[in-house]
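One structure below.
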Amino acid sequence: MIIKNFTKMAILKVIEILAASEVGWEDAAKKAVKIASKTVKGIRSVYIQEQSATVVDGEIMEFRVNVKITFEVLDHMNH
């Protein structure tokens with residue numbers, strides 16, 4: 001008797017989001033995930049691709065992040 005081992009394979013998708021915060025880069029990243037989670041389900045991870053800030057009169061006014069968010073594409077045929 002041959003038993004085949006089938007592993008469920010997930011299909012993942014990556015989107016890019018730009019977000020900003022007056023508090024800090026961590027807050028900007030949290031905002032990006034929160035914004036994405038309103039329309040995207042199954043978020044698995046966030047990757048901070050780039051950080052920048054705007055400066056006025058020697059003070060940081062806004063922290064900006066460019067993040068990549070990975071989520072699972074749901075297979076409605078098998079769920």
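What's the magnitude of the charge dipole for the range 11-73 around its Cα centre, counting Lys and Arg as +1 and Asp and Glu as -1 at the beta-carbon? Answer in Debye, nearest 20.
On the way: 9 positive and 9 negative charges, 117 e Å.
Dipole of the range 11-73, to the nearest 20 debye: 560 debye.
For the range 17-53, applying the loop criterion from DSSP together with a ceiling of 13 other beta carbons within 10 Å to the GluC sites (Glu not before Pro) yields Glu22.
Farthest towards the positive end of the charge dipole of the range 11-73, among the residues Leu12, Gly24, Gln51, is the Cα of Leu12, using unit charges on the Cβ of Lys, Arg, Asp and Glu.
At 0.36 nm per residue, minus the direct Cα-Cα distance, what do Tyr47 and Lys30 gain on full extension? Give it in nm, one decimal, please. Please report the intermediate quantities before stating the final value.
Values: separation 17, 0.36 × 17 = 6.12 nm, distance 1.15 nm.
Length gained between Tyr47 and Lys30: 5.0 nm.
Here the 3J(HN,Hα) profile of the range 47-56, calculated from phi with Karplus coefficients 6.51, -1.76 and 1.60 at θ = phi - 60°, is 10, 7, 7, 8, 10, 8, 8, 9, 10, 10 Hz, Gly and Pro shown as x. Whole-Hz Karplus values for the range 22-38 come out as 8, 8, x, 5, 4, 5, 5, 5, 4, 5, 4, 5, 4, 4, 5, 5, 5 Hz, taken residue by residue from phi with 6.51 cos²θ - 1.76 cosθ + 1.60 and θ = phi - 60°; glycine and proline positions read x.
Exactly which chymotrypsin sites (Phe, Trp or Tyr not before Pro) in the range 12-79 are in a DSSP loop and have at most 14 other Cβ atoms within 10 Å? Can you show the working numbers first?
Values: sites: Trp25, Tyr47, Phe63, Phe71; in loops: none.
Sparse-neighbourhood loop chymotrypsin sites (Phe, Trp or Tyr not before Pro): none present.
We did not get these values from a lab; they are worked out from the coordinates using the rules stated. Since the model is a prediction, treat every value here as computed from it, not as a measurement. With ideal geometry, Cβ positions are generated from the backbone for all residues, glycine too; neighbour counts draw on all protein chains shown.
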